[in-house]
1. Over 13 Å, how big is the tail of the calculated P(r) for the range 2-52, in percent of all Cα pairs?
2. Excluding ligands and nucleic acids, what accessible area in Å² is computed for ARG50 using a 1.4 Å probe, to the nearest 10?
3. Under a 1.4 Å probe, what is the accessible area of the chain per residue, stated in Å²?
4. Which order do THR101, THR41 take by accessible area at a 1.4 Å probe, largest first?
5. Kirkwood Rh, Cα Rg: Rg to Rh for the chain?
6. Normalise the Debye intensity by I(0) for the range 93-135, one equal point scatterer per Cα, no solvent, then take log10 at q = 0.23 Å⁻¹ and round to two decimals.
7. Over the Cα atoms of the range 1-89, what radius of gyration and what Dmax do you get, in Å?
8. Take every Cα pair under 8 Å in the range 1-132 that's 6+ residues apart, average their separations, divide by the length, and report that relative contact order as a whole percent.
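The values are calculated or read from the model by the stated rules, or taken from the named source; none is laboratory data. Just so you know, these numbers come straight off a predicted model, no measurement behind them. Surface accessibility is based on the protein's heavy atoms, side chains included, excluding ligands, DNA and RNA. Shrake-Rupley method; radii C 1.70, N 1.55, O 1.52, S 1.80 Å.
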Amino acid sequence: MQRTDKNNYYLDIAQTVAERGTCLRRNYGAIIVKNDEIISTGYTGSPRGRKNCIDLGYCYRQQQNIPRGERYETCRSVHAEANCIISAARSDMIGGTIYLTGFDMETGDLVPNADSCSMCKRMIINAGIEKVVVRSTATEYKTIIVSDWVENDDSLSGKFGY
């Protein structure tokens, strides 16, 4: 038996966390790890006390045919990365890694080319997280160095928003 590498081990945990998600379109799970210790977890879902899309039986973004990556302000859910970050102290996250796995709820497949939205990228940067590891397939993943977002990511420049 071959032992699972650390990145896939943590991505497997993030994948399990995603199973708690309540979005009807895409569910993500995120975990923050530092020094080989899980700091926090988060999944896609409405703010505490608010009804989730699965409880309502509809997704407003889906009803309005809003494409992936656009108009997140119309979504009921808090993203997995955001939920993960607000559940941890910044001092614990500095230099850590966030692992992210997402599923398309219609197909059950992993979300292809998954990436954090520009708001989550801003939170990840301010949290002091060093790396983002995103699952691509059951065993493949991409690693993003957060400082690359600071220097090279046009979605954070403000030219696309307010």
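1. That tail contains 61 percent of the Cα-Cα pairs.
2. 140
3. Per residue, the chain has an accessible area of 58 Å².
4. So the residues, ranked largest to smallest area, are THR41, THR101.
5. Computed over Cα atoms, the ratio is 0.96.
6. Normalising to I(0) and taking log10 leaves -0.78.
7. 14.8, 48
8. 29
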